[in-house]
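Working notes, beginning with the structure itself.
Just so it is clear, none of the values below were taken in a lab; they were calculated from the coordinates. If you're wondering where the values come from, they're calculated on a predicted model, not measured in any experiment. FYI the Cβ positions are ideal-geometry reconstructions off the backbone, even for glycines, and counts take in every protein chain you see.
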Amino acid sequence: MADTKTPTLRWEGDVGGHLVLVDQTRLPGQMVEINCRTVEDAWLAIKRLEVRGAPAIGCAAGYAVCLAEARLEAVQAACDHLATCRPTAVNLFWALERMKRVAGEAAPDKLAQLLLAEARSIHDEDRELCAAIGRHGADLLADVQVEQGVLTHCNAGALATGGDGTALSVLFELAERGRKVHVWVDETRPLLQGARLTTWELQQRDIDCTLICDSMAAQVMREGRVQAVVTGADRVAANGDVANKIGTYSVATLAKAHGIPFYVAAPTSTFDMTLGSGDEIPIEQRAAEEITQGFGTQTAPDGIATYNPAFDITPAELIVGIVTEHGVIRPVCRETVEGCVG
């Protein structure tokens, strides 16, 4: 849930209804819902990061297909168009393949009903996956002395999924079990998903947290304030390499240098077994203005060259374990990933 009353995304009505999203670009200052009544509305919402996080993008894409005209050709065209909005988060393509499969098998007079049922199934399944990840991750961290601190990067909570989150679901579950945990939150430049979204979610749950600049993570670790790192993922390759928000690789490297376990929390829908390693994962490049004019304020001179990859790759050897709905993959390597995901 985005808060105690407003879900991150939902379908309003039945067949012929529309998709409603919390506009995450307006948080934490404003809680605003947007209505997506066309496929293009949903495409733009995903592209603009009004909805973000790999599982949430998958859920939104499933519902977005239901906004197309209930003809096979229109549905296929909608899926093809939606697949162009963001290249890295594999849940987008996973959800669209599910919708295409249903469309290809459905009788014309049942197409709209079956598409909506499948989109709702994707959403319901994600809620269950998040809960299972939370349980397995809390079991894992029960053996780690986390009272002093867990560091996370970007936002992998309810706002990023159809349920309670991936990385944050672990922390939510620990809190539910009465375990005291303090969360160190990287701001996550350039779009500040940690500062804007993760801290907001943690405050909603009354979980102690401290916001730090990304460049402060090493010092916080050096001071002994962090006992574990948990992040989400946007795509996991067959060998266990992980694509996640830019800066994750740096955090994993720092954790290794300080002897701190680095964990990733992700459902198996985020694994892409067609890719042998992280080298094959496409990395989204975003607009220069996100760096030079972030949130409307110019912070760099006109005409300056920029490089703005939205994600980076954390090698499997830096990851102590990947928490999935089936349990924890460890050690992280091709054999253990294949054993879990198949």
What is the order of 215, 269, fewest Cβ neighbours within 10 Å to most? 215, 269
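Only Cα pairs under 8 Å and at least 6 apart count here; give the relative contact order of the range 1-141 as a rounded whole percent. Working shown, then result.
Values: 184 pairs, mean separation 27.9, N = 141.
Relative contact order for the range 1-141 comes out at 20 percent.
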Any chance you could tell me what percent of the C-alpha pair distances in the range 9-126 go past 19 Å? 38 percent
Stretched fully, the stretch from residue 121 through residue 40 gains (0.36 nm per residue minus C-alpha distance, one decimal, in nm) 26.9 nm
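Is it possible to state the helix-based mean residue ellipticity at 222 nm for the chain, with each DSSP H run of 4+ residues giving -39500 (n - 2.57), the sum divided by total residues, to the nearest 500 deg cm²/dmol? What is it?
Working: 11 runs with 123 residues, N = 342.
Taken over the chain, the calculation gives -11000 deg cm²/dmol.
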So how do 307, 263 line up by other beta-carbon neighbours within 10 Å, fewest first? 307, 263
Whole angstrom only: what separates the Cα centroid of the range 183-198 from the Cα centroid of the range 289-310? 18 Å
Sites removed, the longest contiguous part of the chain containing no DSSP-loop GluC sites (Glu not before Pro) with at most 15 other Cβ within 10 Å is 224-342
For labels at residue 113 and residue 12 in the simple 7 Å Cα→Cβ model, what's the distance in nm? 2.5 nm
Can you spot the aspartates and glutamates whose alpha carbon is less than 20 Å from residue 180's alpha carbon? Ignore those fewer than 8 places along the same chain. 139, 143, 147, 164, 201, 206, 208, 223
Within straight cross-link reach of residue 110, meaning Cα distance under 29 Å, which lysines are found once same-chain residues fewer than 8 apart are removed? 100
Excluding residues on the same chain fewer than 8 positions from residue 245, give the lysines whose Cα lies under 21 Å from its Cα. 47, 256
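Percentage of Cα-Cα pair distances in the range 134-341 greater than 32 Å, rounded to whole percent?
Of all Cα-Cα pairs in the range 134-341, 14 percent lie more than 32 Å apart.
So what's the range 96-219 giving for Rg/Rh, alpha carbon basis, Kirkwood Rh from the mean inverse pair distance?
Details: Rg = 18.2 Å, Rh = 16.1 Å.
Dividing the radius of gyration by the Kirkwood radius yields 1.13.
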Distance between the C-alpha centers of the range 263-288 and the range 108-141? Whole Å please. 20 Å
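State the antiparallel share, in %, of DSSP beta bridges confined to the chain, rounding to the nearest 5. The partial results should precede the final answer.
Values: 18 of 35 bridges.
If we restrict to bridges inside the chain, about 50 percent are antiparallel.
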